[in-house]
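Some notes on the structure that comes next.
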Ligand code: SAM
């Protein structure tokens, strides 16, 4: 169905289904007509693309994805939206809606069963309360996906796409950079949603690739990154030693052997620095 960005059409459908918005589920639906076509264009680059959408809501982005993709599988946690989606997207035969919590799903199984032989991408206007767990699941599960095109809160977008050494550089910046090349595509104002959230948003594109350089132990790398940013105002020496219960004198030697100044702040370190620290800790 077209016109899913028309406020009175949306209000009429939702009231007919007795639907009320759940803040807890991050339900802010897009009503700006230019945003979903743009997101869908970035996500679906050929007609052999299968799209995994997280949280279709009433199907405004799904509708644009369905027009361009070979198949869309949309995972929606709120079962009250299933009859709504039946009404708004019933005309498409390349859609499957799954009523589940995306964080609980075996996505390897879903992708191999639903998208055989297709280029697979993720595209979504994410529920903001679980932005980081969703992105980390998509990356850490090492899924056979090409790109992730998602709307997130503006501050999260700045962190996810931060430059090395910049103020927004954080633990998730480095995790993302390990698995993908991030790009901030465009900003979206809070007035583009119904109901309007208190925050602005942005759409980002993560293009997945094999890590440029691998540590000997990936778990150690992510432990070190987390520990370094645990107390980001402190030096890496203090932050890592207190988070990982390591002796400061020994850790200072390990950091220097990895060519990292113990007095540096985590935000100033590069992904390569974290990999060298992780390797030095694995060797000890
Ligand atoms: N795609 C729609 C749009 O752009 O208008 C809705 C986006 S809304 C920001 C987020 C959607 O995610 C809601 O439909 C919400 O019910 C759904 N959702 C929340 N938590 C979820 C979860 N754990 N798994 C799957 N869907 C979830």
Among (1) within 27 Å of residue 186 (Cβ to Cβ); (2) away from the ligand (no atom under 13 Å from the Cβ); (3) touching a helix residue (DSSP H, G or I) at 6+ places or on another chain (Cβ under 7 Å) - the single one residue 96 does not satisfy: (1)
Has region 65-84 got at least one residue that is within 11 Å of the ligand (Cβ to nearest atom), surrounded by fewer than 24 Cβ atoms within 10 Å (Cβ to Cβ) and farther than 24 Å from residue 109 by Cα? yes
Given the conditions (1) more than 8 Å from the ligand (Cβ to nearest atom); (2) touching a helix residue (DSSP H, G or I) at 6+ places or on another chain (Cβ under 7 Å); (3) at pLDDT 95 or above, which single one is not true for residue 3? (3)
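Outside any strand (DSSP E or B), in contact (Cβ under 8 Å) with a residue 40 or more places away in the chain and crowded, with 17+ Cβ neighbours inside 10 Å: does that describe residue 281?
On the way: outside any strand (DSSP E or B): yes; in contact (Cβ under 8 Å) with a residue 40 or more places away in the chain: yes; crowded, with 17+ Cβ neighbours inside 10 Å: yes.
Spelling it out, residue 281 is indeed outside any strand (DSSP E or B), in contact (Cβ under 8 Å) with a residue 40 or more places away in the chain and crowded, with 17+ Cβ neighbours inside 10 Å.
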Scanning region 245-276 residue by residue, those surrounded by fewer than 16 Cβ atoms within 10 Å (Cβ to Cβ) and not in a helix (DSSP H, G or I) turn out to be 245, 247, 259, 261, 263, 264, 270
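Answer yes or no as to whether residue 62 is surrounded by 22 or more Cβ atoms within 10 Å (Cβ to Cβ) and touching a helix residue (DSSP H, G or I) at 6+ places or on another chain (Cβ under 9 Å).
yes
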Between residues in region 71-87 that are within 21 Å of residue 16 (Cβ to Cβ) and part of a helix (DSSP H, G or I) and residues that are more than 10 Å from the ligand (Cβ to nearest atom) and at pLDDT below 95, which pairs lie under 9 Å by C-beta distance while being six or more apart or on different chains? 87/1
Residue 242 within 14 Å of residue 223 (Cβ to Cβ), out of contact with any helix residue (DSSP H, G or I) (no Cβ under 7 Å at 6 or more places or on another chain) and at pLDDT 95 or above: yes
Please go through region 171-190 and pick out each residue that is in contact with a helix residue (DSSP H, G or I) (Cβ under 8 Å, 6 or more places away or on another chain) and either within 17 Å of residue 153 (Cβ to Cβ) or not in a helix (DSSP H, G or I) (or both). 171, 172, 173, 176, 180, 182, 184, 185, 186, 187, 188
Complete set of residues in region 106-129 that are in contact with a strand residue (DSSP E or B) (Cβ under 9 Å, 6 or more places away or on another chain), within 30 Å of residue 190 (Cα to Cα) and within 14 Å of the ligand (Cβ to nearest atom): 122, 123, 124, 125, 126, 127, 128
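This table checks each residue for (1) surrounded by 15 or more Cβ atoms within 10 Å (Cβ to Cβ); (2) within 16 Å of the ligand (Cβ to nearest atom); (3) within 16 Å of the chain's Cα centre (by Cα).
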site	(1), (2), (3)
159	yes, no, yes
162	yes, no, yes
166	no, no, no
174	yes, no, yes
177	yes, no, yes
182	yes, no, yes
195	no, yes, no
200	yes, yes, no
In region 43-62, the residues that are touching a residue at least 60 places away in the same chain (Cβ under 8 Å) and near the ligand (Cβ under 10 Å from one of its atoms): 53, 54, 55, 57, 61
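The values are calculated or read from the model by the stated rules, or taken from the named source; none is laboratory data. Here the structure is a predicted model, which is why all the values come from computation and not from measurement. FYI the Cβ positions are ideal-geometry reconstructions off the backbone, even for glycines, and counts take in every protein chain you see.
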